[in-house]
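Take a look at the structure below.
The values are calculated or read from the model by the stated rules, or taken from the named source; none is laboratory data. Not measured: the values here are computed from a predicted model. Don't worry about glycine lacking a Cβ; one is built from the backbone with ideal geometry, like all the others, and counts go over all protein chains shown.
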Amino acid sequence: MNTVKTVRELRAAVARARGEGKRIALVPTMGNLHAGHAALVAKAGQRADFVVASIFVNPLQFGPSEDLDKYPRTLAADQAKLLEAGCHLLFAPGVEEMYPDGMEGQTKVSVPGVSEGLCGGSRPGHFDGVATVVCKLLNMVQPDMALFGEKDFQQLAVIRKLVRDLNIPVQIFGEPTVRAEDGLALSSRNGYLNEDERARAPVIQRTLRQLADALRGGSRDFPALIDEARRQIEAAGLRVDYLEIREALGLRPANAGDKQVVLLAAAFLGNTRLIDNLPLQLD
């Protein structure tokens, strides 16, 4: 696996692979990699011939009071994990390489509709930062496909709309959330949890599964179901940021006639913000 830090080196390496007739897959990350990222890279290797991963902690998607400065940077460990997972090329640029004119002078991409509410409501400007950096990475690499985890369900919806609306010739794959044995969705931010918090964190997924069971059983009193689910999460000592039932494709608030829905939650455990979701097909 080669590691490059400039767009020029990245494009040259991808061009060589393309010249050999290889299909290119991109797996964008912010580093501090875990088994979920490794699964994305491994799946990319099954779908394509040449796997490019990126590691870039993108300042544009962090708010002024968020964890940009303390977000873990673990490049050496990440390189070892990527190599083991089958990555061929790592793009690990600095901020100056990604935003040579500074972030204030950077053209920004805004994706309406699916960016609104949920994490977009709690983190103003977050998805403009995500959409901008993903658009740049797709243009830099020009892959045949890009893979993202379904844990960040709203982010995936934003990227799919971005690619569709801007006619970017890339196939987007969403891959299932990788979980710990107790159901907690793997996340780089799980490392912020102390032992007690880590033991309580799976309540989010357990509650979403109970909510899903109620919906499968025919209940459609969404407000009452959400209130009960919120109480369960808060009883475990978490502070709920949002807990919603949305239509799965456009992410509008669900109604009783929807067949494809997604249950979405975000909650604070101590100072750590955790998100999770559960897609659901209703009869």
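Okay, here's what the table says:
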| item | result |
| --- | --- |
| Enumeration of residues in region 71-105 that are over 28 Å from Asn271 (Cα atoms) and among the hydroxyl-bearing types (Ser, Thr, Tyr) | Tyr99 |
| Tabulated pairs, region 1-12, first within 12 Å of His88 (Cα to Cα), second among the β-branched types (Val, Ile, Thr), C-beta under 6 angstrom, 6+ apart or interchain | Leu10/Val4 |
| Region 72-97 residues that are outside the structural domain of Pro143 (by TED's automatic domain parsing), paired with ones that are surrounded by 14 or more Cβ atoms within 10 Å (Cβ to Cβ) (beta carbon under 9 Å, 6 or more apart) | none |
| Any hit, region 44-64, residues being over 16 Å from Val4 (Cα atoms) and modelled with pLDDT under 95 | yes |
| Total residues in region 174-223, condition loosely packed, with under 15 Cβ neighbours inside 10 Å and not in a helix (DSSP H, G or I) | 8 |
| Pairs where the first residue, in region 199-224, is assigned by TED's automatic domain parsing to the domain that holds Tyr242 and the second is crowded, with 21+ Cβ neighbours inside 10 Å and part of a helix (DSSP H, G or I), C-beta under 9 Å, 6+ apart | Val203/Ile233; Ile204/Ile233; Thr207/Ala229; Thr207/Ile233; Leu208/Ala229; Gln210/Ala229; Leu211/Ala229; Ala214/Ala229 |
| Checklist (1) exposed (fewer than 15 other Cβ atoms within 10 Å of the Cβ); (2) touching a strand residue (DSSP E or B) at 6+ places or on another chain (Cβ under 9 Å); (3) over 29 Å from Met103 (Cα atoms) applied to Ala12, failing item | (3) |
| Tally of residues being aliphatic (A, V, I, L, M) and part of a helix (DSSP H, G or I) across region 157-172 | 5 |
| Residue list for region 225-253, filter: in contact (Cβ under 8 Å) with a residue 60 or more places away in the chain, surrounded by fewer than 17 Cβ atoms within 10 Å (Cβ to Cβ) and assigned to a strand (DSSP E or B) | Tyr242 |
| Failed item, numbered, when Leu147 is tested on (1) surrounded by 22 or more Cβ atoms within 10 Å (Cβ to Cβ); (2) assigned to a helix (DSSP H, G or I) | (2) |
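Yes/no per residue for (1) closer than 22 Å to Asp67 by Cα; (2) modelled with pLDDT under 95; (3) among the acidic types (Asp, Glu):
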| position | (1), (2), (3) |
| --- | --- |
| Asp196 | yes, no, yes |
| Val203 | no, no, no |
| Thr207 | no, no, no |
| Leu215 | no, no, no |
| Asp241 | yes, no, yes |
| Gly250 | no, yes, no |
| Ala254 | no, no, no |
| Val262 | no, no, no |
| Gln281 | no, no, no |
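Residue-by-condition table, conditions (1) more than 21 Å from the chain's Cα centre (by Cα); (2) within 14 Å of Asn32 (Cα to Cα):
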residue: Arg73; (1), (2): no, yes
residue: His88; (1), (2): yes, no
residue: Phe91; (1), (2): no, no
residue: Pro100; (1), (2): yes, no
residue: Met103; (1), (2): yes, no
residue: Thr107; (1), (2): yes, no
residue: Ser110; (1), (2): no, no
residue: Gly113; (1), (2): no, no
